[in-house]
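Novice: My questions all concern the structure below.
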Amino acid sequence: MPPLGRGLVYSLALAGMIGLAACGSDDDPPPAPPEPPANTYPHAKEPIGTVREMYDGTLTPDLAVNTFRNIDRLFPTRSIAPAATPRPLPKAARQLPAIKFTAGGKNYDIYDYLALNRVSGLLVLKNGEIAYETYQYGNTEKTRWMSMSVAKSITSTLIGVAIQDGLIGSVHDQVVKYVPKLAGSAYDGATVRDVLMMSSGVKWDETYTNPASDRRALLEAQISQKPGSALELMSKLPRAAEPGSTFNYSTGETQIAGELLHGAIKKPLAHYLSEKIWSKFGMEAEANWWLDSPDGIEIGGSGLSATLRDWGRFGLFFMNDGVIDGKSILPNGWVADAGSGKTLSGGDPLPYYGYMWWVNTDGQSAIDKAFYATGIFGQNIYINKKEKVVIVTWGAQSKPTGAGVINNTAFFDAVVKALQ
């Protein structure tokens, strides 16, 4: 069992105080419960489900919402400190109109998108200004919402930062240089680039709802909270193809990315993210990131929770090539490389995936060379550099995959067109 989260600890402490007070004289008036601290998270007392229920797709709609904004109660986390002064996100003079669009041969509007895709938060930035912002299901500006696989794009970005800092030589370095424990495993011979492209050649089954899949085995390792258990699992996987030759989507690959990043920077990923991006680009709220064990290593592929506007600020940071106060903290050309399709070692094209960013391959977004980070249950950060648009969606869908009714790209294209 993972340690109790802060919200649950507070609730138990409160219950204990009330119980002790009840032991007083029968003539005493019932004591008023103590006021929670002023900085208490607004959703801290909500009942939540379990992480297994999340991946099984068996949470009721209300419980899913509660759980997705309280995932720091499922596992230990490490905080990501914000900036002393938040970066302003002014309201745009021109707001997003009530758009209508077609997807899959059917007509929709923005309200259909919000309802049918169970969007719990939507932020649209044009030229760094808020053109649309809405919170649903009781969420507010103070709500932290889970990233799920959007965290993969954060991890890959931090690898770029580490290359710029000289802590990783290049994407062509061997993984075992930074994670010596993988010597002799199927990852021996794979490069950093192979991992970023999900093409290490290591066998992996990503099926979220199958308890026997590799993805669920990695989740069980995380649930165990045993230091090193996730890396031990990854080190025992067999090889299925030569490194760099085949794309196979793998959350395990991002666990390796987190391990190699940690081996290079010699500090927690959350601290590095705060030091290099969160505090420097003006994020306004503390975020947090799941750990593989108490005081352990961050989960490279999921479990990062932040506010809607701070996810938007991260999108702006990346859209602007990682430049902060005139200085780029990413290698020259990193954003273009990370956000564009690749070619595998045997010559096969990989047009839809970059360095843990997905690449749009249809619609106007493909023409504009837009790309996006995405996570199960409906999380997205869409970036269109040509039109200077960032779109962030939070989702509270009932199943890990396949529960979104309306195609996201069709909606994103409609938003971009309406703001031209």
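Novice: State which residue is nearest to Tyr178 (Cα to Cα) when the search covers only the stretch 203-259 and only residues that are among the basic types (Lys, Arg) and in contact with a helix residue (DSSP H, G or I) (Cβ under 7 Å, 6 or more places away or on another chain).
Specialist: The first filter runs over the stretch 203-259 and keeps only residues among the basic types (Lys, Arg), leaving 203, 215-216, 226, 236, 239.
Filter once more, keeping what is in contact with a helix residue (DSSP H, G or I) (Cβ under 7 Å, 6 or more places away or on another chain): 215-216.
Working: Arg215: 23, Arg216: 26 Å.
Here the residue is Arg215.
Novice: Pick from the stretch 199-214 the residues that are hydrophobic (A, V, I, L, M, F, W, C) and in contact with a Lys or Arg (Cβ under 9 Å, 6 or more places away or on another chain): which of them is surrounded by the fewest Cβ atoms within 10 Å (Cβ to Cβ)?
Specialist: Here the residue is Trp204.
Novice: Filter the stretch 283-316 down to residues that are hydrophobic (A, V, I, L, M, F, W, C) and more than 16 Å from Lys152 (Cβ to Cβ) and give me whichever is nearest to the chain's Cα centre (by Cα).
Specialist: Narrowing the stretch 283-316 to residues hydrophobic (A, V, I, L, M, F, W, C): 283, 285, 287, 289-291, 297, 299, 304, 306, 308, 311, 314, 316.
Next cut, more than 16 Å from Lys152 (Cβ to Cβ) only: 283, 285, 291, 308, 316.
Details: Met283: 15, Ala285: 16, Leu291: 14, Leu308: 12, Leu316: 16 Å.
Taking the candidates together, the pick is Leu308.
Novice: Can you tell me which residue among Ala230, Ala217 is in a helix (DSSP H, G or I) and buried (at least 21 other Cβ atoms within 10 Å of the Cβ)? Outline the logic, then answer.
Specialist: Details: Ala217 fails: buried (at least 21 other Cβ atoms within 10 Å of the Cβ).
Exactly one of Ala230, Ala217 is in a helix (DSSP H, G or I) and buried (at least 21 other Cβ atoms within 10 Å of the Cβ), namely Ala230.
Novice: Is there a residue being surrounded by fewer than 23 Cβ atoms within 10 Å (Cβ to Cβ), assigned to a strand (DSSP E or B) and not hydrophobic (A, V, I, L, M, F, W, C) anywhere in the stretch 320-329?
Specialist: Within the stretch 320-329, one or more residues are surrounded by fewer than 23 Cβ atoms within 10 Å (Cβ to Cβ), assigned to a strand (DSSP E or B) and not hydrophobic (A, V, I, L, M, F, W, C).
Novice: Would you mind finding the one in Leu261, Leu316 that is crowded, with 24+ Cβ neighbours inside 10 Å and either closer than 26 Å to His43 by Cβ or modelled with pLDDT of 95 or more (or both)?
Specialist: Numbers: Leu316 fails: crowded, with 24+ Cβ neighbours inside 10 Å.
From the options Leu261, Leu316, the qualifying one is Leu261.
Novice: Among the acidic types (Asp, Glu) and either in a strand (DSSP E or B) or modelled with pLDDT under 95 (or both): is that true of Glu133 in this structure?
Specialist: Details: among the acidic types (Asp, Glu): yes; either in a strand (DSSP E or B) or modelled with pLDDT under 95 (or both): yes.
Yes; evaluated as a whole, the condition is true for this residue.
Novice: What pairs come up if the first residue lies in the stretch 201-213 and is on the phi < 0 side of the Ramachandran plot, the second is among the aromatic types (Phe, Trp, Tyr), and their beta carbons are under 7 Å apart, counting only those six or more places apart or on different chains?
Specialist: Listed pairs, sorted by first residue: Val202/Tyr187; Glu206/Tyr249; Tyr208/Tyr55; Thr209/Tyr55.
Novice: Considering only the stretch 286-319, how many residues are among the charged types (D, E, K, R) and in a loop (DSSP other than H, G, I, E, B)?
Specialist: Let us first name the residues in the stretch 286-319 that are among the charged types (D, E, K, R), namely 286, 292, 295, 298, 309-310, 313.
The next check asks that each one be in a loop (DSSP other than H, G, I, E, B); those that pass are 286, 292, 295.
Going through the stretch 286-319 one residue at a time, the tally reaches 3.
Novice: I'd like the full set of residues that are in contact with a helix residue (DSSP H, G or I) (Cβ under 7 Å, 6 or more places away or on another chain) and more than 17 Å from Gly244 (Cα to Cα), limited to the stretch 183-199. Even if it seems obvious, please write down each step before you answer.
Specialist: At the first step, the residues of the stretch 183-199 found to be in contact with a helix residue (DSSP H, G or I) (Cβ under 7 Å, 6 or more places away or on another chain) are 183, 185, 187-188, 190-192, 195-196, 198.
Result: Ala183, single match.
Conditions tested, residue by residue: (1) over 21 Å from the mean Cα position of the chain (by Cα); (2) surrounded by fewer than 22 Cβ atoms within 10 Å (Cβ to Cβ).
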| residue | (1), (2) |
| --- | --- |
| Pro331 | yes, yes |
| Trp357 | no, no |
| Lys369 | yes, yes |
| Gly375 | no, no |
| Ile381 | no, no |
| Thr401 | no, yes |
| Gly404 | no, yes |
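Novice: While we're looking at this one, here's another question. Based on this model, can you work out whether Asp194 counts as free of Cβ contacts under 8 Å to residues at least 60 places away in the same chain, under 24 Å from Tyr355 (Cβ atoms) and in contact with a Pro (Cβ under 7 Å, 6 or more places away or on another chain)?
Specialist: Details: free of Cβ contacts under 8 Å to residues at least 60 places away in the same chain: yes; under 24 Å from Tyr355 (Cβ atoms): yes; in contact with a Pro (Cβ under 7 Å, 6 or more places away or on another chain): yes.
So Asp194 fits the description; yes.
Novice: Considering only the stretch 321-356, how many residues are within 30 Å of Tyr41 (Cβ to Cβ) and without any contact (Cβ under 8 Å) to a residue 60 or more places away in the chain?
Specialist: 1
Novice: Step by step: first the residues of the stretch 144-182, then only those that are part of a helix (DSSP H, G or I) and more than 22 Å from the chain's Cα centre (by Cα), then the one that is surrounded by the most Cβ atoms within 10 Å (Cβ to Cβ). Which residue is that?
Specialist: First, the residues of the stretch 144-182 that are part of a helix (DSSP H, G or I): 150-164, 175-177, 180-182.
Checking the rest, the ones that are also more than 22 Å from the chain's Cα centre (by Cα) come to 164, 175-177, 180-182.
On the way: Gln164: 17, Val175: 26, Val176: 18, Lys177: 16, Pro180: 9, Lys181: 15, Leu182: 23.
Looking at residues that are part of a helix (DSSP H, G or I) and more than 22 Å from the chain's Cα centre (by Cα), I get Val175.
Novice: From the list Asp62, Asp72, which one is surrounded by fewer than 21 Cβ atoms within 10 Å (Cβ to Cβ) and of a type in the set (Asp, Glu)? Walk me through it before giving the result.
Specialist: On the way: Asp72 fails: surrounded by fewer than 21 Cβ atoms within 10 Å (Cβ to Cβ).
Testing whether each residue is surrounded by fewer than 21 Cβ atoms within 10 Å (Cβ to Cβ) and of a type in the set (Asp, Glu) leaves just Asp62.
Novice: Within the group Pro61, Pro88, which residue is out of contact with any Leu (no Cβ under 7 Å at 6 or more places or on another chain) and over 24 Å from Ser302 (Cα atoms)? It would help to see each step written out before you state the result.
Specialist: Values: Pro61 fails: over 24 Å from Ser302 (Cα atoms).
From the options Pro61, Pro88, the qualifying one is Pro88.
The values are calculated or read from the model by the stated rules, or taken from the named source; none is laboratory data. Quick caveat: nothing in here was measured; it's all calculated off a predicted structure. Glycine also receives a Cβ, built like all others from the backbone with ideal geometry; neighbour counts cover every protein chain displayed.
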